[in-house]
Structures are given as C-alpha cells and as structure tokens.
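Okay, handing you the structure first.
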Amino acid sequence: MDLDFTDAELHRYSRHILLQEVGATGQARLRAARVLLIGAGGLGSPLALYLAGAGIGTLGLVDDDRLELSNLQRQVAHDTPRIGRNKADSLAETIRRLNPEVRVEVHQRRLDAEGAEALIPRYDLVCDGTDNFETRFLLGDACHLLGRTLVSAAVLRFEGQLSVFKSHQGHAFPCHRCLHPEPPPPGLVPTCSEAGVLGAVTGVMGTLQATEVLKEILGIGESMAGRLLLWDALDARFRTLTLKRDPGCPLCGDAPRIRDLSAHREVTATACALP
Ligand SMILES: [Zn+2]
C-alpha cells in the first residue's frame with residue numbers, strides 16, 4: 001500500500017486521518033479503490049459527492065440519460081445551466097471541481113449485459129443508483145457472477161431501503177434474489193416518475209450508500225451484507241431486517257439455474273424487437 005501523501009492530500013483528508021478507524025492506511029486504501037456508480041441521478045448525486053470528497057481514487061460513472069428540469073428537485077450534483085447535458089458527464093464535472101485528485105471515468109451508456117460484463121470486472125465495488133428493476137436485477141446477477149460487492153439503495157415516495165450484497169464470497173451471505181427471486185411484473189411497482197419522491201429522501205439514502213461503500217473499502221464496522229435497512233421518512237423510523245440465504249435461490253442456491261447473463265440479453269433483444 002502506497003502511504004506517500006502530498007501535503008495537500010494530508011490537509012484535504014486530515015479529518016479522515018484523525019479517525020483511528022481510518023488513519024493514513026485507510027486513506028491510502030480509499031485512494032487505491034475503484035468504485036463503479038450506476039446512475040448519476042438522485043442517489044448518484046450525494047453518493048458521488050461524498051465518495052469524491054472522501055478521496056476514492058477512481059470513480060466510474062454510468063448513465064445514458066440527459067438532465068431535465070424535473071430532475072433538479074433531487075439530483076443536486078447537477079445544476080440548471082446543464083439541462084440537456086449527459087448526466088454522467090455533468091456529474092464528472094462536479095466531482096472534478098470538488099476534488100481534482102479523483103480520477104473520473106465517464107461511461108455514457110445504458111447498462112446492458114455486455115456493458116456489465118465489460119465494466120464491472122474493471123472496478124472493485126459497484127453501487128446501484130438506478131430506478132428500474134431491469135437494471136437492478138441485471139446488476140445483482142452480474143455482481144454475483146463476476147465476484148463484486150454490490151451496495152444497493154432504492155427510494156420511492158417517502159421511503160428508502162438499502163442493502164449490501166456479497167454472495168460471491170460464499171454461503172454466509174444472501175444475494176438479491178434470495179430477497180426477490182424475480183422482478184415484479186411490469187407496472188406493478190410504480191417508479192419515482194409515476195409515484196413521486198421527496199427529494200431529500202434520495203439525499204439520505206445516497207449518503208447512507210456512500211457510508212456503506214466507505215465501510216466496505218475500509219473494512220470497518222458492521223457490514224450491511226445479510227441485512228436490509230428500511231427507512232420511512234414520515235414516521236422518522238429506521239428498521240433493520242435480517243436477510244437469510246435461500247438454498248433454493250435461482251442465483252446463489254444449492255442448484256442455481258442462473259449461471260450467466262443470457263436471460264438479460266434475451267430481455268434486451270425482445271425489447272429491441274418491439275416497434
Ligand atoms: Zn440468492
């Protein structure tokens with residue numbers, strides 16, 4: 001581990017280095033880390049800002065979407081003059097202004113099976129900040145099969161949830177399909193664009209996600225792997241549920257039937273075949 005820091009780095013990260021649980025070794029670990037963020041929106045905004053501020057060495061940003069006026073109520077790493085710009089590109093600009101020490105890799109694309117296979121192995125850890133089940137299930141499957149830890153969060157209306165999945169490390173940990181074996185039928189669970197979301201709720205959940213990413217890289221505290229955090233902003237109450245591995249799980253069970261991403265390729269192919 002390279003423990004050589006410039007004076008500017010020591011100054012910038014002094015409040016981290018003061019923490020016994022982080023120190024210079026932990027800060028060096030953050031600098032050596034490569035983290036991939038899928039989605040540069042409501043969760044991605046605070047997530048990217050805190051990871052950049054923390055001095056993660058390399059941040060990869062994946063988003064093919066363009067910034068719209070209705071995004072700015074919660075996607076606060078962007079700003080009004082940037083409407084119309086690609087979100088990954090805009091978020092990269094904000095990160096560089098906050099912390100020029102961070103290397104930013106912009107991937108202006110929607111995450112499909114080919115993209116997941118090409119990008120995920122190039123990073124140490126993956127964060128899910130997407131808003132649709134198709135990408136969520138693709139990411140969960142891809143991270144398990146490609147051996148990467150996934151820090152996942154979701155928001156809707158006044159509620160948020162968060163978990164960490166590292167089922168690739170063995171049977172002690174459940175995967176995302178132990179919780180939900182299959183995605184819900186299209187239209188059953190509304191999206192934020194259909195049901196709305198309180199902007200600040202995405203801020204809280206994205207910040208919690210950043211905290212869990214830092215804990216995983218530093219190897220400190222209690223991991224959220226095997227636990228699901230639920231937050232109801234209206235009740236102002238957090239609850240934590242224990243998640244158990246399901247031996248019958250289609251992905252990480254004793255006789256898994258999902259062994260590659262071919263099902264996700266078929267979904268994309270079918271979607272593309274429609275007029
Ligand atoms: Zn599983």
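Here are L59, L98, L72: which of them is more than 26 Å from Q161 (Cα to Cα) and either among the hydrophobic types (A, V, I, L, M, F, W, C) or open to solvent by less than 10 Å² (accessible area, probe 1.4 Å) (or both)?
Only one candidate passes the filter, namely L98.
Quick one: count up the residues across the stretch 157-182 that are more than 21 Å from V197 (Cα to Cα), surrounded by 15 or more Cβ atoms within 10 Å (Cβ to Cβ) and more than 12 Å from the ligand (Cβ to nearest atom).
1
Here is a follow-up. Cβ-Cβ under 7 Å, sequence separation 6+ or interchain: first residue in the stretch 163-180 and hydroxyl-bearing (S, T, Y), partner open to solvent by less than 20 Å² (accessible area, probe 1.4 Å) and near the ligand (Cβ under 7 Å from one of its atoms). Which pairs?
S167/P174; S167/C175; S167/C252
Can you tell me which residue within the stretch 229-246, out of those that are more than 16 Å from the ligand (Cβ to nearest atom) and of a type in the set (D, E, K, R), is nearest to A200 (Cα to Cα)?
D232
Further question: Can you find, within the stretch 238-254, the residue that is farthest from V155 (Cα to Cα) among those that are open to solvent by 80 Å² or more (accessible area, probe 1.4 Å) and either within 22 Å of the chain's Cα centre (by Cα) or at pLDDT below 95 (or both)?
Among residues in the stretch 238-254 that are open to solvent by 80 Å² or more (accessible area, probe 1.4 Å) and either within 22 Å of the chain's Cα centre (by Cα) or at pLDDT below 95 (or both), the one farthest from V155 (Cα to Cα) is K244.
Let me confirm something: among A24, A88, A32, A54, which residue is closer than 27 Å to G221 by Cβ and surrounded by 21 or more Cβ atoms within 10 Å (Cβ to Cβ)?
The unique qualifying residue is A54.
The values are calculated or read from the model by the stated rules, or taken from the named source; none is laboratory data. Keep in mind that what you see is a predicted model, and the values were worked out from it rather than measured. Because the Cβ atoms are built from the backbone with ideal geometry, glycine has one as well, and the counts that use them run over all protein chains shown. What goes into the accessible areas is simple: the full protein's heavy atoms, side chains included, and nothing from ligands, DNA or RNA. Shrake-Rupley method; radii C 1.70, N 1.55, O 1.52, S 1.80 Å.
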